[in-house]
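Structure first, then comments.
The values are calculated or read from the model by the stated rules, or taken from the named source; none is laboratory data. Everything numeric here is computed off the predicted structure, so don't read it as measured data. Cβ coordinates were reconstructed from backbone atoms using ideal geometry, including for glycine residues, and neighbour counts include every protein chain displayed. Ligands, DNA and RNA are excluded from the accessible area calculation, which covers all protein heavy atoms including side chains. Shrake-Rupley method; radii C 1.70, N 1.55, O 1.52, S 1.80 Å.
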Amino acid sequence: MPRRIRLRALAQNWRLKLAALALAVLLWAVVSAEQVTTQWIPVRVEPVVRDPAYVLTGGPEPAEVRVRFTGPGRELWELALDRPVLVLPVRDVGAARSFVLDPAMVRVPEGLRVSPQDVRPAVVRLELERVVTREVPVRARVAARSLERYVVGDSLRVAPATVRATGPENVLDTLSALFTRPFEIVPDDDTSFTRRAEVDTAGLGGVTLSAGDVRVSGGVDRRVERAFAVVPVSPPPGLAATPAQVELRVRGPERSVRAILPIGVRATVPSDSLPVPVPPGGVEAPVVVTGVPAGAEVRTVPARVRVAPAPAPPAESLRAAPPR
């Protein structure tokens, strides 16, 4: 048969032929989708620790395994999209750290006619720590901005003074104290404050506390600065300081700073800060201030003076009176 005649025969009723082909493909797809087959699908491992004496701190390793499923092809495709989970119950841990997986642990979505048959690898490793409970002291931490404005008394009171911490043994072994989150001071009056502060749990993964916040109270005073314009500098005997006086600035608790008497404040140059002997040209030396309350910050302007041998007093001119 000539080639042109064959092509003409193929072109006849082409719409019917194309529809028949499409129907055949559709029937093949439907039959294939319902045909029972086997497929390996990656599945995430989700450990559930049911031993109250232990807590999960790492793992599982590997985090994902391959599971062989059987079922209709269409439903296996759907399962591969839904990504099932293998739930590993962990009971009576003891010394075990490796655990066997079973196909029955796979959670198959409801309504799918698929069945897990095998798991590879069949063993995973978990990082588990013993759970312990300890009483841990709580320390107050005042925000830096408040420490610039206020002087806090030495004895801050925290209630409760300790909290019960429960968590992994390796974490609690390194936990000597807990701290509050930095908080701002709002004085109740001129001398004290009380406020609630949250306990800082940053970096304490897996640890639970018996109390999430504490009450902090203590003495407080406003921080002020006071200047003493002219304070004489006293060097060791036989020496002179230049300049001979300095400005003194005291910063600290308002009640203590306001109570300073200028007559009780002294600025000196310690002898042990000077060489022996002091050279004629003098040396730079620090100024030490006494007579200010403990805990106050003291600053002199300038901070150092030049100390040199004191000049000899001028000799008096004694003339004998002429005889009369």
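First compute the accessible area of the range 116-182 with a 1.4 Å probe, then give the percent of it belonging to carbon and sulfur atoms.
Result for the range 116-182: 47 percent of the exposed heavy-atom area is carbon or sulfur.
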_Integer Hz, Karplus 6.51/-1.76/1.60 couplings in order for the range 99-112, x for Gly and Pro_ = 9, 7, 9, 10, x, 5, 7, 6, 8, 8, x, 4, x, 8
*Which distance in nm do the two modelled labels at Arg164 and Arg44 give, with both placed 7 Å along the Cα-to-Cβ direction?*
3.4
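Hey, could you grab the Kirkwood Rh for the range 117-163? Inverse mean 1/r over distinct alpha carbon pairs, Å, one decimal. Working shown, then result.
On the way: mean 1/r = 0.0623 Å⁻¹.
Mean inverse Cα-Cα distance, inverted, gives 16.1 Å.
If N is the number of residues in the chain, what value comes out of its Cα radius of gyration divided by 2.2 N^0.38 Å?
Details: Rg = 43.6 Å, N = 324, 2.2 N^0.38 = 19.8 Å.
Computed over Cα atoms of the chain, the ratio equals 2.21.
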*At Ala308 and Arg251, where each label point lies 7 Å from the Cα along Cα→Cβ, what is the point-to-point distance in nanometres?*
3.4
*asked:* Quick check: residue separation of Ala240 and Arg157 times 0.36 nm, minus the Cα distance between them. What number comes out in nm?
replied: 24.9 nm
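Give me Rg/Rg_expected for the range 161-296, where Rg uses Cα atoms only and Rg_expected = 2.2 N^0.38 Å with N residues.
Numbers: Rg = 24.8 Å, N = 136, 2.2 N^0.38 = 14.2 Å.
After normalising by residue count via 2.2 N^0.38 Å, the value is 1.75.
Report the gain in length on full extension from Val36 to Asp190: 0.36 nm times residue separation, minus Cα-Cα distance, nm rounded to one decimal.
Numbers: separation 154, 0.36 × 154 = 55.44 nm, distance 8.30 nm.
Gain on extension, Val36 to Asp190, equals 47.1 nm.
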*For the range 55-163, take the alpha-carbon Rg, divide it by the Kirkwood Rh, and send me Rg/Rh.*
1.35
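Measuring with a 1.4 Å probe in the full set of protein chains, what accessible area per residue, in whole Å², belongs to the chain?
Details: 20410 Å² over 324 residues.
On a per-residue basis, the chain sits at 63 Å².
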*Between Phe179 and residues 5 or more places away or on another chain, which pairs have amide H atoms under 5 Å apart, with H built 1.01 Å from N, and which residues are they?*
Arg139, Asp200
*Applying the Karplus parametrisation 6.51 cos²θ - 1.76 cosθ + 1.60 with θ = phi - 60° to the phi angles of the range 247-263, what ³J(HN,Hα) value in whole Hz is obtained for each residue in order, glycine and proline being reported as x?*
8, 10, 10, 10, 10, x, x, 4, 5, 6, 5, 5, 7, 5, 9, x, 5
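Looking only at GluC sites (Glu not before Pro) in DSSP loops with at most 16 other Cβ atoms within 10 Å, what is the longest site-free stretch of the chain?
On the way: sites that count: Glu110, Glu184, Glu316.
Longest gap between qualifying sites, sites excluded: 185-315.
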*asked:* How large is the convex hull of the C-alpha atoms of the range 265-308 per residue, in Å³?
replied: 70
*Rounding to the nearest 20 debye, state how big the charge dipole of the chain is about its Cα centre with +1 on each Lys and Arg Cβ and -1 on each Asp and Glu Cβ.*
1520
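For the chain, return all DSSP H helices satisfying: extent of Cα atoms along own axis at least 20 Å; mean Kyte-Doolittle hydropathy at least 1.0. Kindly include the intermediate steps, with their values, before the conclusion.
Details: long enough: 14-34 (30 Å, 1.51).
Sorted by number, the helices that extend far enough and score high enough are 14-34.
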_the range 280-302 and the range 61-125: distance between their alpha carbon centers, rounded to Å_ = 76
